[in-house]
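Enquirer: Below is one structure. I have some questions about it.
The values are calculated or read from the model by the stated rules, or taken from the named source; none is laboratory data. Please read all numbers here as calculations on a predicted model, not as lab measurements. With ideal geometry, Cβ positions are generated from the backbone for all residues, glycine too; neighbour counts draw on all protein chains shown. Note: areas computed on protein heavy atoms with side chains; ligands, DNA, RNA excluded. Shrake-Rupley method; radii C 1.70, N 1.55, O 1.52, S 1.80 Å.
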Amino acid sequence: MTVMSKRNLLKWAALSSVAAAALVGCGKKEEPAAPAASPEPASAPAAAAAPEPLKAAWVYVGPVGDAGWTFAHDQGRKEVEAEFGDKVKTTFVEKVPEGADAERVIRDLATQGNKIIFATSFGYMEPMLKVASEFPDVKFEHATGYKTAPNMRIYDAKFFEDAYLAGIIAGTMSKTGTIGFVGSFPIPEVLRNINAYTLGAQSVNPKIKTKVVWVSTWFDPPKEGEAAQSLINGGADVLLQNTDSSAVLQTAEKNGKYAFGWDSDMSAFAPKAHLGSAVALWGGYYKKAIKEVMDGTWKTERTVWGVKEGQNDLIKIADVVPEDTRKKIDEIKVKMKAGDFEVFTGPVVDASGKERLAAGAKADQDWKDKIDFYVKGVEGKIPSGK
């Protein structure tokens, strides 16, 4: 302790003694000093209001269920929720008929403040186009269509790639030389799949024939099952479909035949009949679209993704499929992912014998959009359009 410190200490002690004596003389007790009040904390800046989540809505033609087209889209919606968390608020309406009901539902979703709306069926195109003109600040997305507007764009997938791969398996597994296809509506999207299925089968068995039964619906399990039974009764022993349920696959199993899942993994519904499932994986596109709305880069365009972009694939190929066929599938997938394999490569000849694509030519998107014919080997006539 320094000299000055000792001095100050003695001075402090003397003053304390005097003060204590004075208090006792007045009859007062010394109260411990109240701790100094803490200064009021500076007012925290008002918390910034959390931004409102982006409201996004989906319109489904069928029930979500546990397999098929609508199920696959809803898996994509769930991927959006997982990716963006509380930055996005999603909703959906299922089992919406195409036509007037679709227009009403889409308009209602826009009125509710949704900033982006996905319509997931071809028949929603015209209703969505009409509503889009009424809500210029809302982004509209239509699956598998071909019409756009300043605030409406389209997205699609190369399902025909999966159909071609399934065809290779069908051509290998068929014992009758006749394969079957349950079609929904005679639109280019479905005709592409029928033709690709046939071309794939003919790549391993040029004599393969394809029978088609149209059901004029996307989702009607009893009707799809009846169509499958009709094809089997007509000699088809490996079936594919462009409809939304597992009814075709289950009907094949009941008859001891083979078939494929469509749009999602359907292996559990008919494990003995199942040769593979053509799956649609929408999550990647939906996350891209939502991000573009959030960062202001959304613009009208057309997106058509395939195996290359991870949009679709043929999965869970059954063990009963010969190893050399599985190897062939893998080799073609590698080429598809590299962009080196085009299903519709000439010569492509239609059912009447007319050449539709010259030898060596590769079909562009415009050619695929206008397919209105069966390739050679598909039996029957195409009914009038939807």
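Enquirer: Using alpha carbon coordinates only, what is the Rg to Rh ratio of the stretch 203-256, with Rh defined as the Kirkwood radius? Display every interim value, and only then the final one.
Expert: Working: Rg = 11.3 Å, Rh = 11.6 Å.
We get a ratio of 0.98 for the stretch 203-256.
Enquirer: Still on this model: Could you pull the Rg and Dmax for the stretch 240-386, using just the Cα atoms, both in Å?
Expert: Expressed in Å, the Cα Rg and Dmax of the stretch 240-386 come to 18.3, 54.
Enquirer: For the stretch 323-386, take N as its residue count and report Rg(C-alpha) divided by 2.2 N^0.38 Å. The partial results should precede the final answer.
Expert: Details: Rg = 14.4 Å, N = 64, 2.2 N^0.38 = 10.7 Å.
Compared with the compact-globule rule of thumb, the stretch 323-386 sits at 1.35.
Enquirer: Whole number in Å², please: accessible area per residue of the chain, 1.4 Å probe, ligands, DNA and RNA not counted.
Expert: Values: 18860 Å² over 386 residues.
Heavy-atom accessible area per residue stands at 49 Å².
Enquirer: Moving on. With the alpha-carbon atoms as the only input, what is the per residue convex hull volume for the chain in Å³? Display every interim value, and only then the final one.
Expert: On the way: hull volume 108.6 nm³, N = 386.
Spelled out: Cα convex hull of the chain, divided by residues, is 281 Å³.
Enquirer: Bin by bin, in steps of 5 Å, what percent of the Cα pairs in the stretch 178-316 do you find, going until the bin that has the longest distance?
Expert: 2, 10, 17, 20, 19, 12, 7, 6, 4, 2, 1, 0
Enquirer: Moving on to the next point. At a probe radius of 1.4 Å, what is the per-residue accessible area of K147, in Å² to the nearest 10?
Expert: It works out to around 70 Å².
Enquirer: Taking amide H atoms as placed 1.01 Å from N in the peptide plane, list the residues 5 or more away in sequence, or in a different chain, whose amide H sits under 5 Å from that of W58.
Expert: Distant-sequence amide H within range of W58: T91, F92, V93, F118.
Enquirer: By per-residue mean of other Cβ atoms within 10 Å, what is the highest-first order of 215-223, 70-78, 337-345?
Expert: On the way: 215-223: 17.3, 70-78: 21.2, 337-345: 15.4.
Listed from highest to lowest mean packing, they are 70-78, 215-223, 337-345.
Enquirer: Can I ask one more? Computed over the Cα atoms, what is the radius of gyration of the stretch 66-174 divided by 2.2 N^0.38 Å, N being its residue count?
Expert: In units of the 2.2 N^0.38 Å rule of thumb, it is 1.24.
Enquirer: So what's the net charge close to A361: Lys and Arg +1, Asp and Glu -1, counting the other residues with Cβ under 14 Å from its Cβ? Intermediate values should be presented prior to the final figure.
Expert: Working: positive: R356, K362, K368; negative: E342, E355, D364, D366.
Result for the neighbourhood of A361: -1.
Enquirer: Return the calculated 222 nm mean residue ellipticity for the chain, to the nearest 500 deg cm²/dmol, obtained by summing -39500 (n - 2.57) across DSSP H runs with n ≥ 4 and dividing by the residue count.
Expert: -12000 deg cm²/dmol
Enquirer: Moving on to the next point. Tell me, what is a quarter of the convex hull surface for the C-alpha atoms of the stretch 301-357, in nm² with one decimal? Don't jump to the answer; show the numbers that get you there.
Expert: Working: hull surface 24.8 nm².
That works out to 6.2 nm².
Enquirer: Hey, any idea what % of the chain's accessible area is carbon plus sulfur with a 1.4 Å probe?
Expert: Carbon-and-sulfur percentage of accessible area, whole number: 55.
Enquirer: Then there is this: Above 18 angstrom, tally the Cα pairs of the stretch 266-314 and express them as a % of all pairs, no decimals. Before the final figure, lay out each step's value.
Expert: Numbers: 566 of 1176 pairs.
Roughly 48 percent, rounded to a whole number.
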